[in-house]
1. I need a count of the residues in the stretch 222-268 that are aromatic (Phe, Trp, Tyr), touching a residue at least 24 places away in the same chain (Cβ under 8 Å) and not in a strand (DSSP E or B).
2. Looking only at the stretch 205-229, count every residue that is open to solvent by 70 Å² or more (accessible area, probe 1.4 Å) and touching a Phe, Trp or Tyr at 6+ places or on another chain (Cβ under 9 Å) and tell me the total.
3. Looking only at the stretch 152-175, how many residues end up being touching a residue at least 60 places away in the same chain (Cβ under 8 Å), in a helix (DSSP H, G or I) and either in contact with a Cys (Cβ under 8 Å, 6 or more places away or on another chain) or farther than 26 Å from Val401 by Cβ (or both)?
4. Name every residue in the stretch 46-70 that is in contact (Cβ under 8 Å) with a residue 60 or more places away in the chain, closer than 18 Å to Asn425 by Cα and open to solvent by 30 Å² or more (accessible area, probe 1.4 Å), in order of residue number.
5. Here are the criteria: (1) within 22 Å of Ser46 (Cβ to Cβ); (2) open to solvent by 10 Å² or more (accessible area, probe 1.4 Å); (3) among the aromatic types (Phe, Trp, Tyr). Tell me which single one Tyr422 does not satisfy.
6. Which condition does Phe12 not pass, out of (1) in a helix (DSSP H, G or I); (2) touching an Asp or Glu at 6+ places or on another chain (Cβ under 7 Å); (3) closer than 21 Å to Gln97 by Cα, if it passes all the others?
7. Looking at Ser129, Ser47, which one is closer than 24 Å to Arg19 by Cα and among the small types (Gly, Ala, Ser)?
Amino acid sequence: FKKLGHGTKGVFELLSGWRRTRENLPFKDRVADAYSDVMVTYTMTSSLYFITFGMGASPFTNIEAVKVFCQNMCVSILLNYFYIFSFFGSCLVFAGQLEQNRYHSIFCCKIPSAEYLDRKPVWFQTVMSDGHQQTSHHETNPYQHHFIQHFLREHYNEWITNIYVKPFVVILYLIYASFSFMGCLQISDRADIINLLASDSPSVSYAMVQQKYFSNYSPVIGFYIYEPLEYWNGSVQEDLRRLCSGFTAVSWVEQYYQFLKVSNISANNKSDFISVLQSSFLKKPEFQHFRNDIIFSKAGDENNIIASRLYLVARTSKDKQKEVIEVLEKLRPLSLSKSIRFIVFNPSFVFTDHYGLSVTVPVLIAGFGVLLVLILTFFLVIHPLGNFWLILSVTSIELGVLGLMTLWNVDMDCISILCLIYTLNFAIDHCAPLLYTFVLATEHTRTQCIKSSLQEHGTAILQNVTSFLIGLVPLLFVPSNLTFTLFKCLLLTGGCTLLHCFVILPVFLTFFPPSKKHHKKKKRAKRKEREEIECIEIQENPDHVTTV
């Protein structure tokens, strides 16, 4: 889905550049004009994609799933770029040859004459006509009559730049910024394991009941002692009590000590301790379930306890996820520093570790990506104001997606973080051509410049974002919370980008710099140059014919 947004953007931009060329030109010149118009910016945005996801695929990423995903994205971006640069360009050349020789673009047969078509049914005329039969001359730029291009030029551009519409757009942006800021203040990494399960899974029902009625308790933590210990030693017993303090423990050790105390049995050495444990304690019905918690080994006539396990449950408050992470951070260092070597584990710890890393590592990657984007754009763009506007637009879109997805109850998990990284590239992909065309435009006013920018790139942006959003519809029918999270994030990415390209930027660019006054001065100077009369002295030569 993420490759879809970038790949179709290149296709629609190159197709739009091809349609802007004059049809009476040779097809080689048309392809050259289309490539020179589109491929520079597309190469730049593809490079930014490759750099951003290349950092995610580097050894600095310690999450294997993120690394594999970023590797696949890098390969996809390369294949997509060479596809557009080679195969799709070849298709345009083939289409140009068909147009130039008046062949049908689908059936590749010669288009019949107008007299022949007039004698055929309407459906045949519709299928076989090339659209130029009804006119006396062949139009050189039929792209101006494309319905999206016509709508933008004749209706939308005039409406969005109307002086009475601009105040409402400013109010709309203030509302957008307010909700985004409010959402950013509520960000939390409360990743839930339910999001990884299918919506109709029985595990979801279990997890919801557990959270509703037993949310004040941590998961049952397995406390595994993986080396022989002198359990009969008083100092070892004290260390075990200290480690288990603060927990509700299900421990064979505590039960056995209590059994020795009640039975008034002394087991201060190894042989007595193990003998009573095997012959008396573990044979009682109420303690038989502890047999699976102790592993014995026999060396000759002597028995040893080589490993054992306890179970711990911690009391937690409402913020259960955070407290479980704190428990892990306290217990794991103790397993390396204490005299007792142990491991603490619960299956949910896998996801706790995963989400702890999935928030920090991709955020660092996104930060480095933003830094590299800023450095590259400072060196690559022609006008510094274009770079400034691009930074503002991308920041506004990124914060908008972040805040709105928080208000939409989207957790900060691995999927949402990767979508935020992708939002950075998606915003640059669509805003950069529009902004740089506006900055470099030579019209008299800012309003005319933004109109020409929308006419040049608006169709491709609208087609690509619409195709991207339609492509997300199947995600709604997948019974998975994780897939629904992906749908929400990508829907906000496409929606916020479309809002900025067609509503916010066209209005705000008419208020703020860059100014177009210097273009007026240049045009006036050119007019003066045209009005000057250049006198040329021609000396006649009888051997040559002189022409002026």
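1. 6
2. 3
3. Counting residues in the stretch 152-175 that are touching a residue at least 60 places away in the same chain (Cβ under 8 Å), in a helix (DSSP H, G or I) and either in contact with a Cys (Cβ under 8 Å, 6 or more places away or on another chain) or farther than 26 Å from Val401 by Cβ (or both) gives 2.
4. Ser47, Ile51, Met55, Phe69
5. Against the list (1) within 22 Å of Ser46 (Cβ to Cβ); (2) open to solvent by 10 Å² or more (accessible area, probe 1.4 Å); (3) among the aromatic types (Phe, Trp, Tyr), Tyr422 comes up short only on (2).
6. Single failed check for Phe12: (2).
7. Criteria check complete, one pass: Ser129.
Table: residues versus (1) open to solvent by less than 80 Å² (accessible area, probe 1.4 Å); (2) at pLDDT below 80.
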| site | (1), (2) |
| --- | --- |
| Asp130 | yes, yes |
| His146 | yes, yes |
| Phe151 | no, no |
| Trp159 | no, no |
| Val169 | yes, no |
| Tyr173 | yes, no |
| Phe179 | no, no |
| Ile193 | yes, yes |
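The values are calculated or read from the model by the stated rules, or taken from the named source; none is laboratory data. Bear in mind that the values here come from a model prediction, so they are computed numbers and not experimental data. Cβ atoms come from the backbone with ideal geometry, glycine included; neighbour counts cover every protein chain shown. Just the protein is used for accessible areas: all its heavy atoms, side chains included, with ligands, DNA and RNA removed. Shrake-Rupley method; radii C 1.70, N 1.55, O 1.52, S 1.80 Å.
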